[in-house]
Amino acid sequence: MSNPYDVLGVAPSATAPEIQKAYRTLAKKLHPDLNPGNAAAEEQFKEVAAAYDLLGDAEKRERFDKGEIDETGAERPQRPYYRDYADAGSDHPYADGGGFADFMDGDDDLAELLRRSRQARANRRGADRHYTLPIDFSESIAGADKRLTLPDGGTLDVRIPPGLVDGQTLRLRGKGAPGSGAGEPGDALIEIEVRPDPRFVRDGDDIHVEMPISLTEAILGGRIRVPTPTGAVTMTVPKGSNTGTRLRLRGKGAPRRGGGQGDEFVTLKVVLPRTPDPDLEAFVSGWEAGKSHDPREERP
């Protein structure tokens, strides 16, 4: 530590009231509670407090002036200060502001700020707690009531509103860590993890699904069952449908923020039987119109 007189900005001939005044001025400027997150100010405050600990005590100051002890207090270890004891027991001088007793009773701005700081620490709001909750794709669209098991064995009931997306966070107020004293509890912040469903692809408020159909259904049309996030529905395949034909199921998508629902788009894919069919082969072999049709010429 530097010379304590230099730290406090006073001359070696300064009176006790002048030393105390210098200390109070610097404390108002550098106190950790008045400079949250400022590590440099916190370190300066520790130096100022250490300097005042030495010079504010008449006996220590006299011994220092005589060269009997150095700026650290000679053989005894340097005394730590306020922030070191922020979470320690009440027997430490700076745990509750008692270390400032020499001017805590003063009717000035610093005394009031220190009183408020001490009260805020005694009634601190509880910390927020963060959790992750996996849900099914269908639950993210339609909504659901879920129960989250906590690491300590407790549970939280969570209502999933319709239309959530992967990574969205829900806030349950008052379900976090308890506060100290009269402080309110923190919140539970629950990040939603949507498990993918291989059948569906979400694009904004719309949903896309690919549906295989048989050659017969493609040529003659038919009725097929199509999955949606809220359950399967029946839709009509028009005659002459082809791979890539896209059909719309209105209102079967995700909820829109302004109201209403997105749509589900069904893309058809013609799939032939896995096992060759001699009758089909014979038909195609004798189908003259099919031989003359070149779909590649129709491409743009």
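Rule-based calculations on the coordinates, nothing more; no lab input. Because the structure is a prediction, the values reported are computed rather than measured. Every residue, glycine among them, receives a Cβ derived from its backbone with ideal geometry; neighbour counts consider all protein chains shown.
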- Under a 5 Å amide H to amide H cut-off, with H placed in plane at 1.01 Å, what residues pair with residue 163 once short-range neighbours are removed? 141, 142, 143
- Summed over the other residues with a beta carbon less than 13 angstrom from that of residue 284, with K and R at +1 and D and E at -1, the charge totals -3
- Item | Extension gain from residue 65 to residue 195, taking 0.36 nm per residue of separation minus the Cα-Cα distance | 39.5 nm
- Item | FRET E, pair residue 250, residue 157, Förster distance 25 Å, beta-carbon r, rounded to 0.05 | 0.15
- With the Cα gyration tensor of region 129-195 in hand, give its eigenvalues times 5 under a square root as the equivalent ellipsoid semi-axes, listed largest first in whole angstrom. 25, 11, 9
- Query: If you find the alpha carbon centre of region 239-281 and of region 125-191, how far apart are they in angstrom?
  - Reply: 37 Å
- Task: Using only the alpha carbons of region 178-217, determine the length spanned along each of the three principal axes and report them from longest to shortest in whole angstroms.
- Result: 74, 16, 10
- Task: Report ³J(HN,Hα) in whole Hz for each residue of region 123-138, in order, from the Karplus equation J = 6.51 cos²θ - 1.76 cosθ + 1.60 where θ = phi - 60°; Gly and Pro get x.
- Result: 10, 6, 5, x, 6, 6, 10, 10, 9, 10, 10, x, 9, 6, 4, 4
- Measure off 7 Å from each Cα along the Cα-to-Cβ vector at residue 2 and residue 223, then give the distance between these two points in nanometres to one decimal. 9.0 nm
- Cβ-based charge dipole, region 200-245, positive-most Cα from 238, 228, 209: 238
